[in-house]
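The values are calculated or read from the model by the stated rules, or taken from the named source; none is laboratory data. Quick caveat: nothing in here was measured; it's all calculated off a predicted structure. No Cβ is skipped: glycine too gets one built from the backbone with ideal geometry, and neighbour counts run over all protein chains shown. All accessible areas refer to the heavy atoms of the entire protein, side chains included, with ligands and DNA or RNA removed. Shrake-Rupley method; radii C 1.70, N 1.55, O 1.52, S 1.80 Å.
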Amino acid sequence: MSIPRPGSQEEKNSSAPSDKLGSQENEVTSPHGIPQQPDLLMLTPTHHTEKTALGYSLAGISARDRTTREGKGGHVFVVGWDGEDDPMNPHNFSQLVRVGTTLMVAAIAFVVTASSSIDAAILPQAAAEFGVSEVVEALATGNYLIGFGIGALFAGPLSETFGRNLVYIGSLVLFSIFIMASGLAPNIGAQITFRFLAGFFGSPPLTCAGGTVSDLWNPLEKTYAFPLFAISGFGGPTLGPVIGSYMGTGAPSWRWTEWVILIISGTVLTLVILLQPETFPLLLLKWKAQHLRRLTGDDRYRAESEIVHQTLWQRLRVALTRPFALALEPIVMLMTIYLTMLYIVLFTFLDGFTFIYSDVYKTPQGLTNVLFVAMFIGVLLGMPLVGVVYSWTRKDLARIRAHGGSQINPEYRLWFAMFGGSIGIPLSLFWMAWTDYSSISIWSPIAAGVPFGYGIICIFLSAYMYIIDSYEMYAASALTFVTLVRYVVAGGMTVVGIPFYKNLGTHWTLTILGCISVLMAPIPYLFYKKGYEIRKRSKFAVNREE
């Protein structure tokens, strides 16, 4: 008896009628413990063995021949979702589970980004204990950021090999260990080294968080889901100095900045271990395929990711090279420059606030760091835009579908930045620069921090979502390059910040940064107007216009 080629007319004729699939009558169990329909798999004449017939009858299984690229081995049963409503698909998790998982990922983002700036709150005390200048002590923050950027290169392949949760848990454990080591550091060399390693292992959770959001939410839902994550991504650096504000003067030791981060990270780690589900679709389908192989004893059940095996080194090789291949893409290049400029301003504020407030208004160290809260208020002021942008996006998607399309135009993601976000940055910097006088109320430069926070969250949302929608399958590599450059450059600038403010003064330092931000402000409008033409000429970006 010959077995017909999969997909042939002979095989189609041998398939059992689909209207009997739901029948519960005369149900029996196969030797492998799987419920079978005797009229479907046993009584109907077929050219398949029982195992093969089962593979063709199960929902979510696609039988096909291996391609040349996939090697030898005949045909395979490719395991997919059991339709659009498959409960295993993270998009079909309950609203409560999806929101809860997003908030837990946001908590991870908060703890690792708050750690990036909290040491700036105790700079004088740590420098005095180690007997070094404040410029040298600033390396503890700078090296953390550099480690953060380098660690981003490894996050993607690790999460694609081991899944999101193992990366979150493993990296948070190592992050916590090196934060503890930083708190116990006996000298400046040890502190700088341990802070670098803490940043390196703190990067994967933040880098993979965008992937988790994409796992859980469809493109329209991401319009309101991604901001949930972004609030903590930018709330962390602005609130880090606030958390550590009085630890240099009120706590028994400046080292309590590290102990507080350790306590928060331990709490978040516990929640992740106990409550967070795995969301990486390729891993979930791999688990499903493994389950079917165990039940049936048939090795042909394979998830798409298992058909061609890739080692971790092969994934790392792509991860380490592809981001640089995208570096010359106009979208990636300009968005990288824009976000890097924002991070330079944000992290030089860690040093600059002493010159802006303590030197001019004689504010004590603790209060100076508390004033970072003005930026966080600005971050929160960007959130009402989410409802507006979601409403517009939903209407445009309905129009696109009415004309036969299906995908959101990437340029729609730029609305956040265009709704005053790109203007808020230079407005804030010029305002702060030229009202920073003892003769003018301190409330003026404090209020100037609010539009900076508003601008930075709006630009971050637009840049990340625009890159994701423009590059789709290459988005992870593009975002890796953006993360690497902005954190490494910002890390270097934290050390330069002190002499910069000291030699030029606050007025001209902020004015120069404001002028640079003016040059960057048209970027969202440029891409909104010319985005399709730019993507059409791109090697990696999608050229969809709907």
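A few remarks follow.
- Carbon-plus-sulfur accessible fraction, the chain (probe radius 1.4 Å, protein heavy atoms only): 65%.
- Förster radius 30 Å - calculated FRET efficiency between Ser358 and Asn187, Cβ distance, rounded to 0.05: 0.65
- Amide H contacts of Ala63 (H built 1.01 Å from N, under 5 Å, at least 5 apart or other chain): Val78
- Accessible heavy-atom area order of Ile344, Ile261, highest first, probe of 1.4 Å: Ile344, Ile261
- Between Val388 and Val496, the FRET efficiency estimated from the beta carbon spacing at R0 = 45 angstrom works out to 0.70.
- Longest stretch of the chain clear of exposed loop sites (trypsin sites (Lys or Arg not before Pro), DSSP loop, at most 14 other Cβ atoms within 10 Å, sites excluded): 73-361.
- Heavy-atom accessible surface of region 73-169, averaged per residue, reaches 33 Å², computed with a 1.4 Å probe.
- The chain: calculated mean residue ellipticity at 222 nm from DSSP helix runs of at least 4, using -39500 (n - 2.57): -22000 deg cm²/dmol
- Relative contact order (%) - the chain, alpha-carbon pairs under 8 angstrom, separation at least six: 18 percent
- D (Stokes-Einstein, µm²/s), Kirkwood Cα radius, the chain, 0.692 mPa s at 37 °C: 128 µm²/s
- Acute angle (nearest 10 degrees) that the helix 281-296 long axis makes with the longest principal axis of the chain, alpha-carbon atoms: 30 degrees
- Rounded tilt (10° steps) of 443-471 against the dominant C-alpha axis of the chain: 20 degrees
- Out-of-range pairs (alpha-carbon distance over 22 Å; input Lys362/Lys502; Lys286/Lys539; Lys222/Lys539): Lys286/Lys539; Lys222/Lys539
- J(HN,Hα) series, region 508-519, from Karplus relation 6.51 cos²θ - 1.76 cosθ + 1.60, nearest Hz, glycine and proline x: 7, 4, 5, 5, 4, 4, x, 5, 4, 5, 5, 5
- Accessible surface calculations at 1.4 Å, restricted to protein heavy atoms, place region 433-500 at 30 Å² per residue.
- Average accessible surface for region 292-409: 45 Å² per residue, computed with a 1.4 Å probe over protein heavy atoms with every protein chain in place.
- Axis angle, to the nearest 10 degrees, between helix 95-118 and the longest C-alpha principal axis of the chain: 30 degrees.
- Counting only protein chain heavy atoms and rolling a 1.4 Å probe, the accessible areas of Val542, Val388 rank, largest first, as Val388, Val542.
- Put a dot 7 Å past the Cα of Leu96, heading toward its Cβ, do the same for Trp443, and the two dots end up 4.5 nm apart.
- Distant-in-sequence amide contacts of Thr279, defined by a placed amide H-H separation under 5 Å and a gap of 5 or more residues or a different chain, comprise Arg164, Asn165.
- Ordered from largest to smallest accessible area (heavy atoms of protein chains, 1.4 Å probe), the residues Trp313, Trp415 come out as Trp313, Trp415.
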